[in-house]
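The values are calculated or read from the model by the stated rules, or taken from the named source; none is laboratory data. These numbers come from a predicted model, not from an experiment. Positions of Cβ are generated from backbone atoms using ideal geometry, with glycine treated the same way; all protein chains shown enter the neighbour counts. Each accessible area value is taken on the protein alone, full model and side chains, heavy atoms only, with ligands, DNA and RNA left out. Shrake-Rupley method; radii C 1.70, N 1.55, O 1.52, S 1.80 Å.
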Amino acid sequence: YARWDCTFVPLSWEECLESEKNGNIDILFDVSKTEERLAYFNYSSESMGTEMCLLFSRSDTHLKYGDYKSFSGMTVGFEIGSTIIEEFKSYAGSRGFSFIAVPYKSGAELFKALKAGDLDTVVQTNFYDTPEGFVILAKCSPSPVYIVAPKSSPELKTELDDAMARLFSYNPRFNADIYQYHFGTIASQTSGYTPQE
């Protein structure tokens, strides 16, 4: 809809944010709004969907879904540069448990460490294609996420917003449809048992 020729650049999330901030890449998807980021990024007028924080563990974990007492003291891996760990800290505070946050460079490294037993759990968004063999222990903090362009290229935001307006006028369910197509397996991801179960 924007008639852009796109080149996809593989980077870690931390590198994506820095490259977008410096104008080395043009468009970045799945970005939460923060005060700090508003200084560097132009956000699309419309969100690209709703991000949720998911807490994963190995399928053979002793931890139970929503069993906050057993969560205290667990190690939680997170991806450097992600706001999801802050959302999870807030969630933990409201549920009365504490944890040890352990940073990793990429989602792939997170799940590799979890599989190896180096971590008790991992927090990741529902926009990450999670490998098999893991269970969800908590779901929290749904919030809108956006597509951003660097402040140095305001014309990109205009083109992006125009394209999104045309797209949504043809298919108002586009965000839900594209999420289901790419991440439908997350919705069917196994949740761990609650203590009662």
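Points to keep in mind about this one:
One line per residue, one yes/no per condition, for (1) aliphatic (A, V, I, L, M); (2) modelled with pLDDT of 90 or more; (3) in a strand (DSSP E or B):
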| residue | (1), (2), (3) |
| --- | --- |
| Glu36 | no, yes, no |
| Asn42 | no, yes, yes |
| Glu46 | no, yes, no |
| Cys53 | no, yes, yes |
| Leu63 | yes, yes, no |
| Glu86 | no, yes, no |
| Tyr91 | no, yes, no |
| Ala101 | yes, yes, yes |
| Glu109 | no, yes, no |
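- Residue match in the range 165-175 (condition: among the charged types (D, E, K, R), part of a helix (DSSP H, G or I) and either open to solvent by 80 Å² or more (accessible area, probe 1.4 Å) or modelled with pLDDT of 90 or more (or both)): yes
- Selection status of Ser59, open to solvent by 70 Å² or more (accessible area, probe 1.4 Å), at pLDDT 95 or above, hydroxyl-bearing (Ser, Thr, Tyr) and farther than 28 Å from Ala149 by Cβ: no
- Filter result for Glu132 (among the acidic types (Asp, Glu), assigned to a helix (DSSP H, G or I) and closer than 24 Å to Gly49 by Cα): no
- From the options Lys112, Lys69, residue that is exposed (fewer than 15 other Cβ atoms within 10 Å of the Cβ) and over 16 Å from the mean Cα position of the chain (by Cα): Lys69
- Residues of the range 65-80 that are more than 21 Å from Pro131 (Cα to Cα) and in a loop (DSSP other than H, G, I, E, B): Gly66, Asp67, Ser72, Gly73.
- Scope the range 72-89; condition under 16 Å from the mean Cα position of the chain (by Cα) and of a type in the set (S, T, N, Q); matching residues: Ser82, Thr83
- Of all residues in the range 4-14, those satisfying the criterion of being without any contact (Cβ under 8 Å) to a residue 24 or more places away in the chain and either surrounded by 13 or more Cβ atoms within 10 Å (Cβ to Cβ) or more than 19 Å from the chain's Cα centre (by Cα) (or both) are Asp5, Cys6, Thr7, Leu11.
- Residue count for the range 115-135, restricted to those that are of a type in the set (Lys, Arg) and open to solvent by less than 60 Å² (accessible area, probe 1.4 Å): 0
- Qualifying residue in the range 74-88 (condition: farther than 21 Å from Pro142 by Cα and open to solvent by 20 Å² or more (accessible area, probe 1.4 Å)): yes
- Filtered by the rule that a residue be small (Gly, Ala, Ser) and in contact (Cβ under 8 Å) with a residue 12 or more places away in the chain, the range 109-164 gives Ala113, Gly117, Gly133, Ala138, Ser141, Ser143, Ala149, Ser152, Ser153, Ala163.
- Members of the range 31-56 that are within 30 Å of Asp5 (Cβ to Cβ) and open to solvent by less than 30 Å² (accessible area, probe 1.4 Å): Val31, Ser32, Arg37, Phe41, Asn42, Tyr43, Ser44, Ser47, Gly49, Glu51
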